[in-house]
């Protein structure tokens, strides 16, 4: 069966890597959180490999960890996404630039405006990772003692999206005529005042930015709850999801694509991109050694705290070099706890090893030769587990260089990934149409 | 008397110029609102002339003008300041980058974070023009039917500043040790949790950005009310002010510097920079011709609306080529009205000419040869009318090129302006000290 679909690849980035031990890995750049030259290197290498997008993770607080764990981690501080991606837009030409922004702790006028501005700056490469912010610590930085409840966050998010989308459509694509002779700068018939009044938001408009190059910047969703999947099916262009196995990935894929069918949206108008942690070796054994070596850099202070949080039980008193004893049931998230218990059992890990895995990274991973990794990616694509991946690098820069230099060429040889960009915008890369402006296109152009 | 003080020069920018007719001036770039290459040209030319800062004007709404006036103007849309200045930081090395941000319609955690991020990106060149946003239309874009009353805006602004400043001090300058051997990424004794609870704001912190390169980005204030002058004296590093005459400038200068004396702040820790609209000619006559020619590009629709708003009286029914008749008193701002009436009388302008002046620009201007302009700037400096200027260009790019190529060399010849940057940060350019972190420096270093 010919495989005509190709993979879409995003790079899910933190400047020093998402893995808590990565900053200590030999050759790492531990100062990357505020070193623009390093970020420039990463994005330019990813662009040379024709990645769809550079995707900046984000938080609105220093993570709530015991200070003894937090002090071991590179995560507390880094560049803010809008400022960083705007700067990166200048040193790149094609790769998409996706920033995380919260519907719970920001204003739709600001969000619509910044993404539209980034889209103009970058020639149509902006994407918005729409999150509702599940971290209750963020609330304390924004004047709220109580974090908004989950379903209410999603109801606000849905309305917030509608407002942002409406603001992006404030001006028709050809509103600005700039006729120096007559003195007409814009055609007033092509200006739309949104005048939104809803349960959560009241926003008049119009936006003080011309319609984005892409019509609307790409919208990415990351929620996997019922509410999250539904808002994704209704609004998103891409979904970034955590799926630990191909079986789980296929269920998620069928679920979300089915929602598109029921909404009358074409299936290929929403790309599903699970996160995948890629460790490349010249042999399978070497890759596994690298993977294990990386975990040794997770400090016990950090690993034990993460494991205790995941289990809802303080494990610091146990023998770290022994197996995990029976742990009584607690109030901790049952799914997180179950995943950790399965990991301990399946891999036969000591408590220390388990702590290092949980404190570092314990989701979907592909560890092996370039051919092994390409095999797995191909299987996910062919069996409809995904439309591609958001790649996470175990350490930087070497883990990224390995993917760019070894995995991508293997995917290209198999016809599974582009050898050159065929379009200029992020929508082009993702195979998404440029949306019309509903306020004008029908009336004016029909 | 030797003049040892030098001028500080900022460039107060809108992409197409602040003058409503400028986009129609021969040689103008009317598409500059979304043309990054043009903005890059402007900032690089200003850096070549050693300007202290590139200062981006901003609004949080499309200006509230009758649509027939609005459609004549280049002002409704342009790049958003944070995204634009972040991009410009990549193509410059020394010039300061000042963005406007509102304390009324944004959150201190966001504001502290973005300026800190811009400061890290630019190597210490960020500045915050702290505004309380007087435009009531902005309120409608942020869920408020009523605009916050003036004095309350300023009380909130004062608290907002304290929070932002506290967040910038979240980490000591040397908090991040990144010791790969021991696995210590930061020293927890050098992390400060703000825990602010005040009348308007409640913000826990810490900020998820390392202490800015400048310690704190430069803070610029633009208010000229009593509350505005007092908050400037208490918090600002620079004041951007509108002063139409040297006499008024000297009164303002003495007033604000006097407030510094009473607060125990050194006088030179706050730079006062009035806006000045500069039109350069090879002769005085040629400069005045350019100035008059520019006004002819203000469309009647635009000029008449502006004049009517300024007078609080519809002038559209009058003979535009005749003098302004007696206008009854109204509810319009008395100072604005008075200034317009004086302008009409002093210059003997017809209603059309007056409308074009008011619709274009009618504040402090310096129109003449490079020597004329340098004479005026020198007089303001020597007589303590200002510490320099925020220069406004009548049209772009030629008006900017004239200042860079002709006025700045004249100032340099007179020893009134730097020939090369002597420092790397905006604080360096403005002659401002780098602030210590009060949470740590005394306790830890004393």
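The values are calculated or read from the model by the stated rules, or taken from the named source; none is laboratory data. All values reported here derive from a predicted model rather than from experimental measurement. Ideal geometry is used to build each Cβ from the backbone, glycine not excepted, and the neighbour counts take in all protein chains shown.
Okay, here's what the table says:
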item: Test: residue in region B:165-173 that is crowded, with 20+ Cβ neighbours inside 10 Å, more than 9 Å from chain A (Cβ to nearest Cβ), touching a strand residue (DSSP E or B) at 6+ places or on another chain (Cβ under 9 Å) and in a helix (DSSP H, G or I); result: yes
item: Single match in A:295, A:255, A:261 (criterion: at pLDDT 95 or above and within 14 Å of chain B (Cβ to nearest Cβ)); result: A:295
item: Residues that are more than 7 Å from chain A (Cβ to nearest Cβ) and in contact with a strand residue (DSSP E or B) (Cβ under 9 Å, 6 or more places away or on another chain), drawn from region B:85-95; result: B:85, B:88, B:92, B:95
item: Any hit, region B:5-20, residues being more than 19 Å from the chain's Cα centre (by Cα), at negative phi and surrounded by fewer than 22 Cβ atoms within 10 Å (Cβ to Cβ); result: yes
item: Unmet requirement for residue A:422, which otherwise passes all of (1) surrounded by fewer than 16 Cβ atoms within 10 Å (Cβ to Cβ); (2) touching a helix residue (DSSP H, G or I) at 6+ places or on another chain (Cβ under 9 Å); (3) not assigned by TED's automatic domain parsing to the domain that holds residue A:70; result: (3)
item: Residues of region B:190-225 classified as more than 19 Å from the chain's Cα centre (by Cα) and more than 24 Å from residue A:62 (Cβ to Cβ), total; result: 1
item: Failed item, numbered, when residue A:241 is tested on (1) surrounded by fewer than 20 Cβ atoms within 10 Å (Cβ to Cβ); (2) free of Cβ contacts under 8 Å to residues at least 40 places away in the same chain; result: (1)
item: Some residue of region A:175-193 being under 27 Å from residue B:200 (Cα atoms) and touching a residue at least 24 places away in the same chain (Cβ under 8 Å); result: no
item: Selection status of residue A:4, more than 11 Å from chain B (Cβ to nearest Cβ) and free of Cβ contacts under 8 Å to residues at least 40 places away in the same chain; result: yes
item: Some residue of region B:104-123 being within 22 Å of residue B:389 (Cα to Cα) and within 20 Å of the chain's Cα centre (by Cα); result: no
item: Residue list for region A:405-419, restricted to those being buried (at least 21 other Cβ atoms within 10 Å of the Cβ) and either in contact with a helix residue (DSSP H, G or I) (Cβ under 7 Å, 6 or more places away or on another chain) or assigned to a loop (DSSP other than H, G, I, E, B) (or both); result: A:407, A:411, A:417
item: Output for region A:129-155, where each listed residue is buried (at least 24 other Cβ atoms within 10 Å of the Cβ), under 19 Å from the mean Cα position of the chain (by Cα) and within 13 Å of another protein chain (Cβ to nearest Cβ); result: A:133
item: Residues satisfying the stated conditions in region A:174-213, i.e. on the phi > 0 side of the Ramachandran plot, assigned to a loop (DSSP other than H, G, I, E, B) and in contact with a helix residue (DSSP H, G or I) (Cβ under 8 Å, 6 or more places away or on another chain); result: A:183, A:205
item: Matching residues, region A:221-274, being assigned to a strand (DSSP E or B) and touching a helix residue (DSSP H, G or I) at 6+ places or on another chain (Cβ under 9 Å); result: A:221, A:238, A:239, A:241, A:271, A:272, A:274
